[in-house]
Amino acid sequence: MASTNETQHEKTRVALFSVVAAIGLTILKIIVALLTGSLGLLAEAAHSGLDLVAALLTLFAVRVADRPADASHNYGHGKVENLSAFLEAALLLLTAIWIIYEALRRLLFYEGQIDVNFWAFAVMGISIAVDMTRSRALSRIAKKMGSQALEADALHFSTDIWSSAVVIFGLLIVYLTQTLHLPAWLGQADAIAALGVSGIVIWVSLNLAKKTIDALLDKAPGELASLIQRRLTTVKGITEVRRVRIRRAGNKFFADIIIAAPRTLSFEQIHALSNDVEKAAMEVPHAFSEQGEVDCVVHVEPIAAPSETITEQIYYLADLHGVHAHDIHIRDVKGQLEADFDLEVQKDMDLGEAHAVATQLEQAILQSNRHLRRITTHLEAPSTNVAKRQEVTNQYTEIANNIRRIADGIAGNGSAHDIRLYRPGRVTVDLKGNKSSLELDVVLHTIFDAHAPLSQVHVGAEQIKRALRRAYPNLSNVTIHTEPPE
């Protein structure tokens, strides 16, 4: 917030100094123009007067443009700067037309007398010095802030430098004509100089008007859209950049971006990818202005990525149909692929409804992957009940020790640890030791090589599970946590 306030203060300060400079120059030029009768000086006075109006517009614009967005201006007030610059261009054109009219009157009807003196040259010299100072200051801040209003003001002062030089040249010719008694037609050099000033003003005004109209009509600002698009292609996770649209309001850019991303990404991953896109897009406008900002809206469209596996495809299509697939197995039978998996459906479905859902999913998978020739699903209803159990590890130490020996025999000595046994309801110790009839839940941890492939570790865990069920057929649930050595 402090940085934003400092920026606003800097813009307001430079705009206020422009107002003061324009007031001083306008007064000086009017006084000397009236004393000398120079149309060139009068044109310059009118030009400076217009600069004063433009500077006041700029001061108003930069103060309003920095206001935050509100309920009636959802995108902020940045367009005020563009509108201000357009009004300045219109005023410049009107002034140029008046100057041309007056100059043609003098050229055609020889109206007006000019008294060239020291003050005429002095005021124009002062004007050039002030214009150079203000033009540089305004240009620097305009580029830093990306402010079109300040840019327009800087343009006014920079054109004043050239127009003032033209007027000085015209006054010099008139002075030499009067002093050296040169041909009388050279005395019209002042009016010709005024036409030169008008030409500069018209050229500057038209260029400024074009830029402001482009901004007001939301024309894409230069190559910014293509630069952002190229930058986004380097963001990891994006499959395709489908559209980038940019519009400008003051020194702020508004972008709406459409990208394609793998359809298997989770909501959290999509959100993280959108944040990465916004950060990447915000880096680009600094090439246009140091304080340039981008307000991004990112739309992500799902797409089947080239690297998508059959398993990922089944997971995605199952979720799309409102069910959950797990324990997926893919077989290659003579070059043809088959898939088997468990399918969890809503527990309140009857068999007919569940079978219909499974059939629709199977058809969707077969249609999306021509390499699959057969799909087999096992229907099951997920359990949402919380099972009440009581830990009985200390009551069945012999079973726990035997489970440890079985697991160590497969995973290696000392691998099994943290074995826990659970039983439903109240526990009564079986004095006869009839272990085979116990209905127990088993949870144990086993250690495997840290560099072993996960598929190999899974096979080892399944071997332990089968061995435990052979030893204790009535085990209810067996959970094996695999981990590397500490």
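The values are calculated or read from the model by the stated rules, or taken from the named source; none is laboratory data. Quantities reported herein were computed from a predicted structural model and do not represent experimental measurements. Quick reminder, even Gly has a Cβ in these numbers, built from the backbone with ideal geometry, and neighbours come from all protein chains shown.
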Checklist entry - Just one of G352, G322 is part of a helix (DSSP H, G or I) and in the same structural domain as I375 (by TED's automatic domain parsing); which is it? => result G352
Checklist entry - Of all residues in segment 306-356, which are surrounded by 17 or more Cβ atoms within 10 Å (Cβ to Cβ), small (G, A, S) and farther than 16 Å from R374 by Cβ? => result A318, A354
Item to check | Yes/no for Q313 being assigned to a helix (DSSP H, G or I), farther than 30 Å from L232 by Cβ and outside the structural domain of H271 (by TED's automatic domain parsing) | outcome: no
Item to check | Residue that is surrounded by the most Cβ atoms within 10 Å (Cβ to Cβ) [pool: residues in segment 463-474 that are free of Cβ contacts under 8 Å to residues at least 60 places away in the same chain and either under 13 Å from L444 (Cα atoms) or assigned by TED's automatic domain parsing to the domain that holds H329 (or both)] | outcome: I464
Next on the checklist: Given the criteria hydroxyl-bearing (S, T, Y) and at pLDDT 90 or above, does S266 qualify?
Outcome noted: no
Checklist entry - Looking at segment 71-79, is at least one residue surrounded by 18 or more Cβ atoms within 10 Å (Cβ to Cβ) and at pLDDT 75 or above? => result no
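To keep it simple, each residue is scored yes or no on (1) over 27 Å from T239 (Cα atoms); (2) out of contact with any Asp or Glu (no Cβ under 9 Å at 6 or more places or on another chain).
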residue: L320; (1), (2): no, yes
residue: H324; (1), (2): no, no
residue: D332; (1), (2): yes, no
residue: D342; (1), (2): yes, no
residue: E353; (1), (2): yes, yes
residue: Q363; (1), (2): no, yes
residue: L366; (1), (2): no, yes
Checklist entry - Taking only pairs six or more apart or across chains, which ones have beta-carbon atoms under 6 Å, a first residue in segment 353-369 that is without any contact (Cβ under 8 Å) to a residue 12 or more places away in the chain, and a second residue that is not acidic (D, E)? => result L366/L372
Checklist entry - Which of the following residues is assigned by TED's automatic domain parsing to the domain that holds I161, at pLDDT below 75 and under 21 Å from E88 (Cβ atoms): A184, A194, A209? => result A194
Next on the checklist: List the residue pairs whose Cβ atoms are under 6 Å apart, where the first residue sits in segment 17-37 and is over 14 Å from I128 (Cβ atoms), the second is part of a helix (DSSP H, G or I) and among the charged types (D, E, K, R), and the two are 6 or more positions apart or on different chains.
Outcome noted: S18/R134; S18/D153; A22/D51
Next on the checklist: Being of a type in the set (D, E, K, R), in the same structural domain as V235 (by TED's automatic domain parsing) and out of contact with any Lys or Arg (no Cβ under 6 Å at 6 or more places or on another chain) is the requirement here; does R331 meet it?
Outcome noted: no
Item to check | Tally, over segment 209-244, of residues that are surrounded by 14 or more Cβ atoms within 10 Å (Cβ to Cβ), touching a helix residue (DSSP H, G or I) at 6+ places or on another chain (Cβ under 8 Å) and closer than 30 Å to E308 by Cα | outcome: 9
Checklist entry - Does segment 255-277 contain any residue that is out of contact with any His (no Cβ under 8 Å at 6 or more places or on another chain), loosely packed, with under 15 Cβ neighbours inside 10 Å and in a strand (DSSP E or B)? => result no
Next on the checklist: Residues to consider are L107, L83, L59, L87; find the one that is closer than 20 Å to I200 by Cβ and either modelled with pLDDT of 70 or more or within 42 Å of the chain's Cα centre (by Cα) (or both).
Outcome noted: L87
Checklist entry - What are the residues in segment 244-276 that are farther than 24 Å from I213 by Cα and free of Cβ contacts under 8 Å to residues at least 40 places away in the same chain, if any? => result L265, S266, F267, E268, Q269, I270, H271, A272, L273, S274, N275
Next on the checklist: Quick check on G335: is it at pLDDT 90 or above and either farther than 30 Å from E223 by Cβ or out of contact with any Pro (no Cβ under 7 Å at 6 or more places or on another chain) (or both)?
Outcome noted: no
Checklist entry - Under 7 Å by Cβ, and 6 or more places apart or on different chains, what pairs join a residue from segment 382-403 that is under 11 Å from V442 (Cβ atoms) with one that is of a type in the set (S, T, Y) and assigned to a helix (DSSP H, G or I)? => result A400/T393
Item to check | Selection from segment 434-462 of residues that are surrounded by fewer than 12 Cβ atoms within 10 Å (Cβ to Cβ) and part of a loop (DSSP other than H, G, I, E, B) | outcome: N434, A450, H451, P453
Next on the checklist: List the residue pairs whose Cβ atoms are under 6 Å apart, where the first residue sits in segment 207-230 and is in a helix (DSSP H, G or I), the second is surrounded by 14 or more Cβ atoms within 10 Å (Cβ to Cβ) and of a type in the set (F, W, Y), and the two are 6 or more positions apart or on different chains.
Outcome noted: T212/F86
